[in-house]
1. If you count the DSSP beta bridges with both ends in region 140-258, what percent of them are antiparallel, to the nearest 5?
2. With +1 on the Cβ of every Lys and Arg and -1 on the Cβ of every Asp and Glu, and nothing else charged, how large is the dipole of region 3-255 about its Cα centre, in debye rounded to the nearest 20?
3. Starting from 0.36 nm per residue, how many nanometres of slack lie between Arg124 and Ser140 once their C-alpha separation is accounted for?
4. Around His180, which amide H atoms from residues at least 5 apart in sequence, or from another chain, sit under 5 Å from its own amide H, with H modelled in the peptide plane?
5. If each of Arg44 and Leu244 carries a label point 7 Å out from its Cα toward its Cβ, how far apart are those two points in nm?
6. If eta is 1.002 mPa s and T is 20 °C, what Stokes-Einstein diffusion coefficient results for the chain, Kirkwood Rh from Cα pairs, in µm²/s?
7. Tell me what the chain gives for mean residue ellipticity at 222 nm when only DSSP H runs of n ≥ 4 count, each as -39,500 (n - 2.57), the sum divided by the residue total, rounded to 500 deg cm²/dmol.
8. Taking springs between alpha-carbon atoms closer than 10 angstrom, which of Glu79, Glu70, Glu158 fluctuates most in the Gaussian network model of the chain?
Amino acid sequence: MSLVFIGDIHQNWHHIEAGLAALPTPPRAAILLGDIECTEPLDRMAAPLLDRGVTVYWIHGNHEHDTGPEMWENLAAPERNPLTAAGALHSRVIEIGGVRVAGLGGTFLPHVWAGNARPRLHRREQLATDLTAIRRGLSSDQASAAMHFLATTAIWPEDVEKLARQKADVLVTHDAPSSHPEGSLVLDELSRAMGAGLIVHGHHHITSQAQAVDGLRVLGVGDAWAVGMDGKVVWRGGKRERPLPQAGEGWVLQLITA
């Protein structure tokens with residue numbers, strides 16, 4: 001068990017502490033799948049992992065900006081996080097224990113890209129002009145906040161295109177591919193373009209596995225649950241409150257319970 005994927009923590013680090021305490025040996029590395037909600041720097045919040053020698057990698061979710069830019073800085077600012085800054089996976093490919101892992105944080109937001117429709121915007125540099133044109137009533141502070149939120153939280157075509165030019169074994173995302181009925185085919189296509197046979201995602205708070213007819217595998221990881229690359233549960237996190245959704249077309253989907 002050299003690598004585990006941890007679903008949306010939402011500040012509930014007690015699940016991670018309990019899960020680690022029950023293991024005879026900690027994993028070598030952990031990938032946080034977003035929605036961490038850093039009320040203080042990630043280096044401090046991730047102490048249950050870091051203090052056990054676990055290398056922390058992460059992508060962002062759609063709740064990293066809930067209390068504004070300060071929460072985002074607690075997650076992403078390198079000067080606040082000398083231990084975890086190098087583990088930022090978004091729009092990068094990093095080799096972890098011999099496995100090439102690509103990361104894509106955030107979610108599809110209609111103002112930028114609805115995912116299963118054509119993008120409204122392709123590059124962050126288009127935001128200022130776009131907001132000026134369609135939201136004339138915004139104050140300068142409101143426009144700045146909206147730009148920061150969209151630039152950091154939305155999935156952008158420019159990031160998908162950057163990743164598609166690289167190769168990986170695993171693609172980790174916050175949003176879901178089309179195996180989930182609310183997911184996007186864009187992520188399926190990105191995974192295949194990169195040669196990744198496995199997608200691991202969070203966001204939907206349910207631990208599941210799916211497989212497409214061409215063999216592409218998907219692991220969904222529940223809130224603060226930990227799952228290995230083989231789909232086996234390493235520890236349970238939050239209580240599952242959401243039923244297994246109907247699988248997307250072309251997918252076989254099932255719960256992971258243990």
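Bear in mind these aren't lab numbers, they're just calculated from the coordinates by the rules spelled out. What you see is a predicted model; the values in this text were computed from it and never measured. Neighbour counts are summed over all protein chains in view; Cβ atoms, including those assigned to glycine, are modelled from backbone coordinates with ideal geometry.
1. 55
2. The calculated dipole for region 3-255 is roughly 460 debye.
3. 4.0 nm
4. Residues meeting the amide H criterion: Gly248.
5. Here the modelled spin labels are 4.2 nm apart.
6. It diffuses with D of about 116 µm²/s by this estimate.
7. -7000 deg cm²/dmol
8. Glu79
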